[in-house]
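All remarks here apply to the structure that follows.
The values are calculated or read from the model by the stated rules, or taken from the named source; none is laboratory data. Bear in mind that the values here come from a model prediction, so they are computed numbers and not experimental data. Every residue, glycine among them, receives a Cβ derived from its backbone with ideal geometry; neighbour counts consider all protein chains shown.
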Amino acid sequence: MNLYYREYGSYSEERPSIVMLHGLFGSSVNWHTIARGLSADYHVIVPDLRNHGRSPHSDEMNYPVMVDDLEHLLEEHGLDSVLLIGHSMGGKVAMLFALNHPHRVTGLVVVDIAPVSYLHRFDTIFETLHEVNLDSLSRRSEADNVLARRLEPHGLRQYLLQSLFKEDGRWQWRMNLDALYHAIDDITAFPVSSALTAYPGSTLFIYGSESDYLTKQHYKRIMMLFPHARLRTISGAGHWVYSEQPEAFASALWGFLGGSS
């Protein structure tokens, strides 16, 4: 699949390439501020993953096909290797890519997710998104009012509303909600087989102190698959670490990049 992507900075041998991957219900715009900040020193590519943003829709939605999409993106740009940064679902894509293609990943940053399967807890989000009547919607604030009935966190609602757009006079969601809903069990899982070997490169896990997506019970699994991993907690941050504590996140990221470039 040919993914839509945003590109920051230009490629050269002196400017390493970074690919940044967004999470479920997100898009490339989520990484805009961070990517722009990196572009002075790096060549940065930020794709919309399948069924998100401006990338094509498909009924097929799982991590193996998203890994294939990422490999195609690298081949499209003629990149033999990149540094990968991924948040949540994008972090799982990045981890599985690194495990399958370790020679193509010069370093790995995983944001608030672990290489494990999670319980599905997105029913409320799917139901609330479907409650937004796109046909009668006149402005974005009306959609926010609908979401606020069941989704209290303002940051979560703004994250979701980034995928709401108006075209030819009609509001639409950029994400393929039906495909995501039917694939949610695959999205919350993590497909690790006994044939995979550990990723030998430098790895940083950044996670929020107020999030339960990465906890101490996950450490053993992380170190089994990523034996050179370092873990960095961002105080006061939840799941959306980079938007809730941007300065602390940027400090952790730059500290890792300085040691892995």
Which of the numbered conditions does A94 fail, given that it passes all the others? Conditions: (1) crowded, with 18+ Cβ neighbours inside 10 Å; (2) touching a Pro at 6+ places or on another chain (Cβ under 8 Å); (3) under 25 Å from E13 (Cβ atoms).
(2)
Filter region 66-81 for residues that are of a type outside the set (V, I, T) and in a helix (DSSP H, G or I) and give the result.
M66, D68, D69, L70, E71, H72, L73, L74, E75, E76
Applying the selection to region 30-48, what residues are part of a loop (DSSP other than H, G, I, E, B) and crowded, with 22+ Cβ neighbours inside 10 Å?
D48
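Listed here are the residues, each with its yes/no results for (1) touching an Asp or Glu at 6+ places or on another chain (Cβ under 7 Å); (2) within 29 Å of Y207 (Cβ to Cβ); (3) touching a residue at least 60 places away in the same chain (Cβ under 8 Å).
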{"residue": "N100", "(1), (2), (3)": "no, yes, yes"}
{"residue": "G107", "(1), (2), (3)": "no, yes, yes"}
{"residue": "V111", "(1), (2), (3)": "no, yes, yes"}
{"residue": "H120", "(1), (2), (3)": "yes, yes, yes"}
{"residue": "E127", "(1), (2), (3)": "no, yes, no"}
{"residue": "N133", "(1), (2), (3)": "no, no, no"}
{"residue": "R139", "(1), (2), (3)": "no, no, no"}
{"residue": "E142", "(1), (2), (3)": "no, no, no"}
{"residue": "L161", "(1), (2), (3)": "yes, yes, no"}
Within region 107-145, which residues are buried (at least 17 other Cβ atoms within 10 Å of the Cβ) and farther than 30 Å from P191 by Cα?
V132, L137, A143, D144
Out of (1) assigned by TED's automatic domain parsing to the domain that holds S163; (2) on the phi > 0 side of the Ramachandran plot; (3) of a type outside the set (F, W, Y), the one D112 does not meet is (1)
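Is at least one residue of region 75-95 without any contact (Cβ under 8 Å) to a residue 12 or more places away in the chain, acidic (D, E) and outside the structural domain of Q217 (by TED's automatic domain parsing)?
No, every residue in region 75-95 fails to be without any contact (Cβ under 8 Å) to a residue 12 or more places away in the chain, acidic (D, E) and outside the structural domain of Q217 (by TED's automatic domain parsing).
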On the given criteria, is N51 touching a residue at least 12 places away in the same chain (Cβ under 8 Å), in contact with a helix residue (DSSP H, G or I) (Cβ under 6 Å, 6 or more places away or on another chain) and surrounded by fewer than 23 Cβ atoms within 10 Å (Cβ to Cβ)?
no
What is the number of the single condition among (1) of a type in the set (G, A, S); (2) within 21 Å of F97 (Cβ to Cβ); (3) touching a helix residue (DSSP H, G or I) at 6+ places or on another chain (Cβ under 9 Å) that A248 does not meet?
(2)
Output the residues belonging to region 224-240 that are of a type in the set (A, V, I, L, M, F, W, C), part of a strand (DSSP E or B) and farther than 28 Å from H154 by Cα.
A229
Where A189 falls short, out of the listed (1) crowded, with 18+ Cβ neighbours inside 10 Å; (2) more than 30 Å from D144 (Cβ to Cβ); (3) of a type outside the set (D, E); (4) within 17 Å of the chain's Cα centre (by Cα)
(1)
Candidates R149, R174, R170, filtered to the one that is over 25 Å from S58 (Cα atoms) and charged (D, E, K, R):
R149
Looking at region 65-91, which of the residues that are touching an Asp or Glu at 6+ places or on another chain (Cβ under 9 Å) and farther than 25 Å from G255 by Cβ is surrounded by the most Cβ atoms within 10 Å (Cβ to Cβ)?
L74
Any residue at all in region 25-47 that's modelled with pLDDT of 95 or more and under 16 Å from L96 (Cα atoms)?
no
Hey, among the residues in region 163-182 that are crowded, with 19+ Cβ neighbours inside 10 Å and of a type in the set (S, T, N, Q), which one's modelled with the lowest pLDDT?
S163
Mind telling me which of the residues L151, L137 ends up being outside the structural domain of H87 (by TED's automatic domain parsing), in contact with a helix residue (DSSP H, G or I) (Cβ under 8 Å, 6 or more places away or on another chain), within 27 Å of M66 (Cβ to Cβ) and not hydroxyl-bearing (S, T, Y)?
L151
